[in-house]
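Just below is one structure, and these are the notes that go with it.
Where a number appears in this text, it was derived from the coordinates with a stated rule and is not lab data. Predicted, not measured: the structure shown is a model, and the values here were computed from it. For neighbour counting, all protein chains shown are included, and Cβ atoms are generated from backbone atoms with ideal geometry for every residue, glycine included.
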Amino acid sequence: PMVAMDGYEADDIVGTLAKHAEIEGFETYMMTSHKDYGQLVSPHIKIFKPGKFGQPAEILGPEEICAKYGINRPEQLIDMLGLWGDTSDNIPGVPGIGQVRAQKLIATYDSIENMYACHLQSDNEKTRKLMLQYKDQALMSKQLATIMLNVPVEYDFNEMLYDGPDVVKLKAIFNELEFK
């Protein structure tokens, strides 16, 4: 089935369904190459990242996300994106802060809020000035990067269980698209 709700992005619906599925005991795989989905991974929620350019597909769980982004918990990816930005999701981040600097800041402060609560005692004066100048933008970017987990969407997981292809419908689609 297709699940949609006016006023909510697909990411938020996927996040809500994935977390609800985890609570109900399902092993969940989100098929995507978008990095922001990394904030949702857990021992029972994984990303199935399709392969590109001859590379194999990847399955990313908490360990892989943490290693890939240099963080301690998958949820810290929200803070990383708040600092670093993500052009594919129109998240501005902080100009001049890239992935490496964002990793160092999150490793030191754990979160954007902690960074500002500690008065950003950075050893790098340029970074300190940027972070103070763009404080509102950093906090807004974190909010934009956060996938909602409470969309009031109706669903029935029993309707979503995979039980093999519907060969009749599949053949009709393949014929229409001239797949041989």
Expressed in nm to one decimal, what extension gain is obtained for the pair Met140 and Ala67 from 0.36 nm per residue of sequence separation less their Cα-Cα distance? 23.7 nm
Per-residue [θ]222 nm for the chain (sum of -39500 (n - 2.57) over DSSP H runs n ≥ 4, rounded to 500): -12500 deg cm²/dmol
Going down the list Lys52/Lys126; Lys49/Lys169; Lys35/Lys126; Lys46/Lys126, which pairs span over 29 Å between their C-alpha atoms? Lys52/Lys126; Lys46/Lys126
Set the Förster distance to 41 Å, then compute FRET efficiency between Tyr29 and Glu125 from the Cβ-Cβ distance, nearest 0.05. 0.40
Note down the nm distance, to one decimal, between modelled labels 7 Å out along Cα→Cβ at Gln133 and at Ala10. 3.7
What whole number of Å gives the distance from the Cα centroid of the range 89-164 to the Cα centroid of the range 4-23? 19
Calculated Cα extents along the principal axes in Å (choose from [x] 136, 32, 29; [y] 64, 39, 26; [z] 65, 38, 29), label: [z]
May I ask you to evaluate 6.51 cos²θ - 1.76 cosθ + 1.60, the Karplus curve with θ = phi - 60°, for each residue of the range 15-27 and list the ³J(HN,Hα) values in order in whole Hz, giving x for glycine and proline? x, 4, 5, 4, 5, 5, 5, 4, 4, 7, x, 7, 8
Over the chain, what relative contact order in percent results from Cα pairs under 8 Å that are six or more residues apart? 22
For the pair Ala107 and Glu154, how long in nm is the line joining their label points, each one 7 Å along Cα→Cβ? 5.0
Extension reserve of the Asn90-Lys180 stretch, reckoned as 0.36 nm per residue once the Cα distance is removed: 28.4 nm
For Val151, the residues 5 or more places away or on another chain with a placed amide H closer than 5 Å to its own amide H are Thr16
Round to the nearest 10 and give me the degree value, 0 to 90, for the angle of helix 167-176's Cα axis relative to the longest principal axis of the chain. 80
